[in-house]
Amino acid sequence: MSTNMLNLTLKVWRQDGPNSAGRFETYQTTTIADDASFLEMLDYVNEDLVAGDVEPITFDHDCREGICGTCGVMINGQAHGPQRGTATCQLHMRQFRSGDTIVIEPWRAAAFPIIRDLMVNRAALDRVVESGGYITVSTGAAPDANITPVPRDAAEAAMDAAACIGCGACVAACPNSAGQLFTSAKLAHLNLLPQGQAERWSRSEAMVETMEQYFGSCTNHGECQEACPKEISIDFIAMMNRDYLKAKFTNRRRGGQRKSG
Amino acid sequence: MSLQLDSRIPGGALSDKWENYKFDLKLVNPNNRRKFTVIVVGTGLAGGAAAATLGELGYNVKVFTYHDSPRRAHSIAAQGGINAAKNYRGDGDSIHRLFYDTIKGGDFRAREANVHRLAEVSTNIIDQCVAQGVPFGREYGGLLDNRSFGGAQVSRTFYARGQTGQQLLLGAYQSLARQIHLGTCELFNKMELVDVVLNNDGQACGIIARDLLTGELSRHAGHAVVLATGGYGNVYFLSTNAKNSNATAAWRAHRKGAAFANPCYTQIHPTCIPPSDEFQSKLVLMSESLRNDGRIWVPRNADDCGLDASAVPEDARDYYLERKYPAFGNLVPRDIASRNAKTMVDQGLGIGPLRNGVYLDFSHAIERLGADVIKGRYGNLFDMYERITGEDPYKVPMRIYPATHYTMGGLWVDYNLQTTVPGLFAIGEANFSDHGANRLGASALMQGLADGYFVLPPTMAGFLAPRLGESLVSTSDPVFEQAERDVRDRIDQLLAVKGTHSVDHYHRELGKLVWDYCGMARNAAGLEKALSEIPALRAEFYKDLKVLGSAESVNQSLEKALRVADVMELAELKVRDALHREESCGGHFRDEHQTDEGEAKRDDENFMYVGAWEWGGSDIQRDAVLHKEPLVYEAVKPTQRSYK
Ligand SMILES: Cc1cc2nc3c(=O)[nH]c(=O)nc-3n(C[C@H](O)[C@H](O)[C@H](O)COP(=O)(O)OP(=O)(O)OC[C@H]3O[C@@H](n4cnc5c(N)ncnc54)[C@H](O)[C@@H]3O)c2cc1C
Ligand code: FES
């Protein structure tokens, strides 16, 4: 619990806009408490920059509790930094030592164009969900909640998948910038529950095909699972692949009639 | 301008009001719905649910958020759970009991009719969410599980591990995604409302939005505007709210004529991690559900406060909540738990390196149930605590202290959730809502979803039906031009100051003032001090603020400056309200008004009303005009709250 002060050298990616060339800038800090979070460290650096008339580093964040998925940068080449199961905002400076050099970059992926500095555009993730990541049930149409018992194991497994925060670290960590872990987590969440069965095949087909429009292809590196702040398992990718194949088969037999909607 | 508060509460028996009223509300024929454009600002539980439902019904919905994705709204962070009167446990719960608990928990400062409606629709919410695939916690038989929360003696809280808000929000987000896909809802992400536009009759006709990526201002017209923009807890700078949460939408609406109700009612949550240093940027909440199994204590003797917890023997510990409130023990409502923690720390009994916390101890529960059971219940919360503090709560007690968490005050709305500006609605935490002077745990999620899924859609139809055939106000109309010009002036003014201090500097200073003088306990001298210091700080802000960069690109300092400028005004109104309310009730505790035992002492004779303020001009303490909506209790008899 003791508070130590760290001296750090930061190499931070600065880029003025989507079409500008980027560059690394080096900043020195001398008074970062190891109780501080990584983003508080950046706040502090920004206060210094502003005092010296330099525009502050743009970075995305909101909840600072590891749940909204807004934050996320590459820290020394690792998505969300060195601590397992930890989003950038939950990373604390006690993970670093005085004298360290820390390289901070935005997510790098074709599907995530850089907006400014460390901020990227992750709209592609929303497009994947929009294509089928839901259960069709209009407000007011639902039966009593306890009418369909859900085996506890199924509910727990669905929750494991549903824990995804949509930060995009899986894509950033993947050498191919694949969107498999994100997509499979949403599919598993819904496909594992009794409520999700009616649309299981149309959902799997639509989401996989939308994913392929935006993201690279998966070659089983497993880096995504390592980087995931919620430690979502790549087993869900296997499930997605199975469901997708089945969906194609089912659809072919029905003459390709089934479409999501 | 003379503002009228008409709550439009329907007549009839309490339990029939909503059903009868819904039947009487006008409907819009399905084919006509797409002729109406509704602007929904905010995609949290309230806004996400409302936008999706209005889209399903066939309205033409334009939905705005300053986030990059609707899924990131602050609602995502709610941990503990959502209440509903399902009585699945058979432990005596009912709609009436949930209604009663909420009224009592709110210290008899909420409207009976609204609260009863909330309790009625609570059960529909759970049905809806389960059908959407929200993975609530279940028992081995496959049925839904419940936990208990403060201020209730039944188990009515549904949960999804410690991520209930996340799962409920994803449910609403996915429903919204479906409507976006179908084209009924159009999403404007990274777009911040910077002003509300009224037509020449004083009715809301649209908004001005700022694109946070390009800085471009744009005009959007609607037949109605819904604000689902969350609370104003960040007036304290340090709070459990997400960093970007802000009050600009509500405040801009207020400046355009929407009354702001009970701004002094804020909730301080008892179980947050105490600050560790002055660079702290926000406070992190540890779910209240932890109080089911954790026991709160401080050493009896100030000399023991510096020791390790394990070195303080049982008989030298004061489990003060269990001692003072044997019936509810550690599960007393939040305001009581918070105030008692403050009393302990103020008496010099605080623990931790800065002596700014109390213990929340799980050792007894771990002994009784085993570490695995505790891990099953709270594992992710324990992990989060350890990441932040570097301490292992399975081995040493957590350190907790109260922090600002929720705002019961907000835009005044009538039974239709319409503000005093016709056509402008407020839902979720943004309205002054159903929680009176104190909200019970797990009831905000319930209220946000009730408003969004079940209350607003029918009342919106009632508002729109008579307006069939009315065209939208053109965005080149002078009212839009003027509004956009005003926004541009505000931006130019902030960029032109070119002073020496950053926005965060001012926000921190403001937060300190409000926390010190209008936090957990308030008194006239302190409030008056704040009323002289806040305007001074505001004046300095406009003289010495430093915002670098331009208005034509991403500029997070400018975004913050616009928000802080608004919340500084709101802070003044909040303090003004706290000064005027010469009583203690719920989260509003005036030192001058307490019982001999130190509990909040209400003054029902003089203050049993909603205090709704009308904007009168920028000298807020002089110009704001107070309007009173009397509260009438027919079904419950107000009593002195007791949790002993
Ligand atoms: C840490 C934490 C834990 C909590 N736990 C619980 C719990 O267990 N149970 C419970 O019942 N309650 C809990 N609460 C309270 C509850 O989460 C909130 O009250 C509730 O989620 C608010 O929902 P909302 O939809 O009203 O607003 P929010 O979720 O705050 O959403 C606001 C939305 O408005 C948008 N917005 C705001 N201003 C603008 C603008 N000017 N322009 C464009 N968009 C704008 C934002 O982008 C966002 O989409 C908790 C709160 C916190 C902080
Ligand atoms: S800021 Fe929300 S997950 Fe990091």
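The values are calculated or read from the model by the stated rules, or taken from the named source; none is laboratory data. Bear in mind the structure is a predicted one, so any value in this text is a computation, not a measurement. Heads up, the Cβs are rebuilt from the backbone with ideal geometry, glycines too, and the neighbour counts pull from every protein chain shown. Surface accessibility is based on the protein's heavy atoms, side chains included, excluding ligands, DNA and RNA. Shrake-Rupley method; radii C 1.70, N 1.55, O 1.52, S 1.80 Å.
Given the DSSP H assignment, sum -39500 (n - 2.57) over each helix run of at least 4 residues in chain B and divide by its residue total; what's the result at 222 nm in deg cm²/dmol, nearest 500? Mind showing how you got there, number by number?
Working: 19 runs with 233 residues, N = 644.
After summing the helix terms and dividing by the residues of chain B, the value is -11500 deg cm²/dmol.
Between A:ASN76 and B:GLU386, how many nm apart are label points set 7 Å from Cα along the C-beta direction?
Rounded to a tenth, the inter-label distance reads 2.1 nm.
Give me the extension gain from A:SER98 to A:ASN241: residue separation times 0.36 nm, minus the current Cα-Cα distance, reported in nm with one decimal. Let's see the in-between values first.
On the way: separation 143, 0.36 × 143 = 51.48 nm, distance 4.56 nm.
So the chain would gain 46.9 nm between A:SER98 and A:ASN241.
Show me, for the stretch B:443-453, the HN-Hα J-couplings you get by feeding each phi into the Karplus relation (A = 6.51, B = -1.76, C = 1.60, θ = phi - 60°), rounded to Hz, glycine and proline as x.
With the stated coefficients, the stretch B:443-453 comes to 9, 6, 4, 4, 5, x, 6, 4, 4, x, 7 Hz.
For the stretch B:374-435, taking Cα atoms only, what is the radius of gyration to one decimal and the Dmax to the nearest whole Å?
That works out to 19.6, 57 Å for Rg and Dmax.
Mind putting a number on the dipole of chain B about its Cα centre? Charges go on the C-beta only, +1 for Lys and Arg and -1 for Asp and Glu, and I need it in Debye to the nearest 20. Spell out each step's value before the answer.
Working: 72 positive and 80 negative charges, 212 e Å.
Magnitude of the dipole: close to 1020 debye.
Determine the share of the protein assembly as shown's accessible area contributed by carbon and sulfur atoms, expressed in whole percent, with a 1.4 angstrom probe.
Numbers: 14790 of 30920 Å².
Exposed carbon and sulfur together represent 48 percent of the surface.
What FRET efficiency, computed as 1/(1 + (r/R0)^6) with R0 = 35 Å and r the Cβ-Cβ distance, is obtained for B:ASP603 and B:ARG255, rounded to the nearest 0.05? Walk me through the numbers on the way to the answer.
Working: r = 31 Å, r/R0 = 0.88.
The computed FRET efficiency comes out at 0.70.
Among the aspartates and glutamates, select those whose C-alpha is under 16 Å from the C-alpha of A:LYS246, and discard any that sit fewer than 8 residues away in the same chain.
A:GLU199, A:GLU205, A:GLU209
Please list 3J(HN,Hα) in residue order for the stretch B:416-433, calculated via the Karplus relation 6.51 cos²θ - 1.76 cosθ + 1.60 where θ = phi - 60°; whole Hz, with x for glycine and proline.
7, 6, 9, 6, 6, 9, x, x, 10, 10, 9, 9, x, 5, 5, 8, 7, 6
Evaluate chain B: find the radius of gyration of its Cα atoms, find its Kirkwood radius, and give the ratio Rg to Rh. If you can, show how the numbers build up before the last one.
On the way: Rg = 23.7 Å, Rh = 24.9 Å.
Here Rg/Rh amounts to 0.95.
Suppose R0 equals 25 Å; then what is the FRET efficiency for A:ASP16 and B:ASP489 from their Cβ-Cβ distance, rounded to the nearest 0.05?
Numbers: r = 26 Å, r/R0 = 1.05.
Using R0 = 25 Å, I get an efficiency of 0.45.
Place a point 7 Å from Cα of B:ASP303 in the direction of its Cβ. Which residues in the stretch B:320-362 have their backbone N less than 18 Å from it?
Taking a point 7 Å out along Cα→Cβ of B:ASP303, the residues of the stretch B:320-362 whose backbone N falls under 18 Å are B:348-351.
Using 16 Å as the cut-off for backbone N distance, which residues of the stretch B:341-361 belong to the label zone defined by a point 7 Å from the Cα of B:ALA525 along Cα→Cβ?
none
Please work out the average accessible area per residue across the protein assembly as shown, using the 1.4 Å probe convention, and give it in Å².
For the protein assembly as shown, the per-residue accessible area is 34 Å².
Determine the alpha carbon to alpha carbon distance for each of B:LYS104/B:LYS637; B:LYS104/B:LYS601; B:LYS324/B:LYS375 and list only those over 21 Å. Before the final figure, lay out the partial values.
Details: B:LYS104/B:LYS637 10 Å; B:LYS104/B:LYS601 14 Å; B:LYS324/B:LYS375 29 Å.
As for pairs spanning more than 21 Å Cα to Cα, those are B:LYS324/B:LYS375.
Calculated FRET efficiency, B:ASP6 and B:GLU481, Cβ-Cβ r, R0 35 Å, to nearest 0.05?
Working: r = 32 Å, r/R0 = 0.92.
Rounded to the nearest 0.05, the efficiency is 0.65.
How much length would be gained if the chain were fully extended between B:GLN203 and B:LEU468, taking 0.36 nm per residue of separation minus their Cα-Cα distance, in nm to one decimal?
Working: separation 265, 0.36 × 265 = 95.40 nm, distance 1.56 nm.
So the extension gain works out to 93.8 nm.
With a 1.4 Å probe on protein heavy atoms only, work out how much accessible surface B and A bury together, total over both chains, in Å² to the nearest 100.
Summing both chains' loss of accessible area gives about 6600 Å².
With both partners inside chain B, how many of the DSSP beta bridges are antiparallel, as a percent to the nearest 5?
Numbers: 44 of 63 bridges.
Antiparallel bridges: around 70 percent, rounded to the nearest 5.
Note down the magnitude of the dipole of the protein assembly as shown about its Cα centre, charges +1 on Lys and Arg C-beta and -1 on Asp and Glu C-beta and zero elsewhere, to the nearest 20 debye.
On the way: 96 positive and 111 negative charges, 482 e Å.
With Lys and Arg at +1 and Asp and Glu at -1, about 2320 debye.
With unit charges on the beta carbon (Lys/Arg positive, Asp/Glu negative), name the residue among B:ASN340, B:HIS254, B:LEU54 whose Cα is farthest towards the positive pole of the charge dipole of the protein assembly as shown.
Farthest along the dipole direction, towards plus: B:LEU54.
Go ahead and collect, in residue order, the members of the stretch A:29-45 whose backbone nitrogen is under 13 Å from a label point 7 Å along the Cα-Cβ direction of B:GLU278.
none
Can you pick out the pairs among B:LYS17/B:LYS628; B:LYS512/B:LYS574; B:LYS62/B:LYS190 whose Cα atoms lie more than 18 Å from each other?
Working: B:LYS17/B:LYS628 23 Å; B:LYS512/B:LYS574 14 Å; B:LYS62/B:LYS190 14 Å.
Correct reply: B:LYS17/B:LYS628.
Please state the charge dipole magnitude for the stretch B:478-601, taken about the Cα centre, from unit charges on C-beta atoms (+1 on K and R, -1 on D and E), reported in debye and rounded to the nearest 20. Could the numbers behind the result be given before it?
Numbers: 18 positive and 25 negative charges, 83 e Å.
I would put it at about 400 debye.
Non-local amide H neighbours of A:TRP107 (under 5 Å, H modeled in plane, Pro and chain starts lacking H): which ones?
HN-HN under 5 Å from A:TRP107: A:MET74.
What are the ³J(HN,Hα) values, in whole Hz, obtained from phi via the Karplus relation 6.51 cos²θ - 1.76 cosθ + 1.60 with θ = phi - 60°, for each residue of the stretch A:44-50 in sequence order, with x given for Gly and Pro?
Values per residue, Gly and Pro as x: 5, 4, 5, 4, 4, 4, 4 Hz.
Quick check on the protein assembly as shown: what are the equivalent-ellipsoid semi-axes from the Cα gyration tensor, as sqrt(5λ), descending, whole Å? List each step's numbers first, then the result.
Working: eigenvalues 252, 227, 197 Å².
Whole-Å semi-axes of the equivalent ellipsoid: 36, 34, 31.
Could you work out, residue by residue across B:170-182, how many beta carbons of other chains sit within 10 Å of that residue's beta carbon, and then give the average as an integer?
For this peptide, the per-residue mean of nearby foreign Cβ atoms is 6.
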